[in-house]
Amino acid sequence: MNVTTIPENLKEYQKLITGSATSTKISGKVVFGSVYAKFYHTDDPKQTLEFSANHLPFTADFPELDPSGNEASIQFSTDNAIVSGASESPMTITLTNKVASYK
């Protein structure tokens, strides 16, 4: 899973890379994070699609600078998350629509 965001500052990136917000020391600890997003249907807000992923190991490259001064974005990746089966997946997807049940 990849998540792209425009950060307010680089503190979270510093913690991700070094293990501390001040970047004055390096930690060998893996940084874990969570992601949540909910989408609403335009014509019927009761129909939703939710994504939730908890306690995933994230990595990220330093954001590319924009010569014109626009905001930089960071893409966080969980490509190295080890999941051996669906029952271990940290990802939950919930679809709420007008269908009573699926068989």
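For the reader, a short list of remarks on this structure follows.
- The lone criterion from (1) of a type in the set (D, E, K, R); (2) touching an Asp or Glu at 6+ places or on another chain (Cβ under 7 Å); (3) exposed (fewer than 11 other Cβ atoms within 10 Å of the Cβ) left unmet by residue 38 is number (3).
- For region 48-78, filtering for residues that are part of a strand (DSSP E or B), closer than 23 Å to residue 18 by Cβ and not small (Gly, Ala, Ser) leaves 7.
- The lone exception for residue 95 - which of (1) closer than 18 Å to residue 34 by Cα; (2) modelled with pLDDT of 85 or more it fails: (1)
- Taken over region 4-36, the criterion of being out of contact with any Ser or Thr (no Cβ under 8 Å at 6 or more places or on another chain) and aliphatic (A, V, I, L, M) is satisfied by 10, 21, 30, 31.
- Criterion violated by residue 26 - all others in (1) of a type in the set (Val, Ile, Thr); (2) modelled with pLDDT of 80 or more; (3) assigned to a loop (DSSP other than H, G, I, E, B) satisfied: (2)
- Scanning region 79-92 for residues being modelled with pLDDT of 80 or more and not in a strand (DSSP E or B) gives a total of 1.
For (1) outside any loop (DSSP other than H, G, I, E, B); (2) not hydrophobic (A, V, I, L, M, F, W, C), each residue gets a yes or a no:
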| position | (1), (2) |
| --- | --- |
| 3 | yes, no |
| 21 | no, no |
| 34 | yes, yes |
| 38 | yes, yes |
| 46 | no, yes |
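- Residue pairs whose Cβ atoms lie under 7 Å apart, separated by 6 or more positions or on different chains, with the first residue in region 1-25 and closer than 11 Å to residue 74 by Cβ and the second assigned to a loop (DSSP other than H, G, I, E, B) and among the aliphatic types (A, V, I, L, M), are 16/31.
- Subset of region 41-75 that is touching a Ser or Thr at 6+ places or on another chain (Cβ under 8 Å) and among the hydrophobic types (A, V, I, L, M, F, W, C) - its residue that is farthest from residue 2 (Cα to Cα): 49
- Hey, residue 74 loosely packed, with under 11 Cβ neighbours inside 10 Å, touching a helix residue (DSSP H, G or I) at 6+ places or on another chain (Cβ under 7 Å) and more than 18 Å from residue 92 (Cβ to Cβ) or not: no
- Residue 69 loosely packed, with under 12 Cβ neighbours inside 10 Å, at positive phi and out of contact with any Phe, Trp or Tyr (no Cβ under 6 Å at 6 or more places or on another chain): yes
The values are calculated or read from the model by the stated rules, or taken from the named source; none is laboratory data. Nothing here was measured: the structure is a model prediction, and the numbers come from that model. Positions of Cβ are generated from backbone atoms using ideal geometry, with glycine treated the same way; all protein chains shown enter the neighbour counts.
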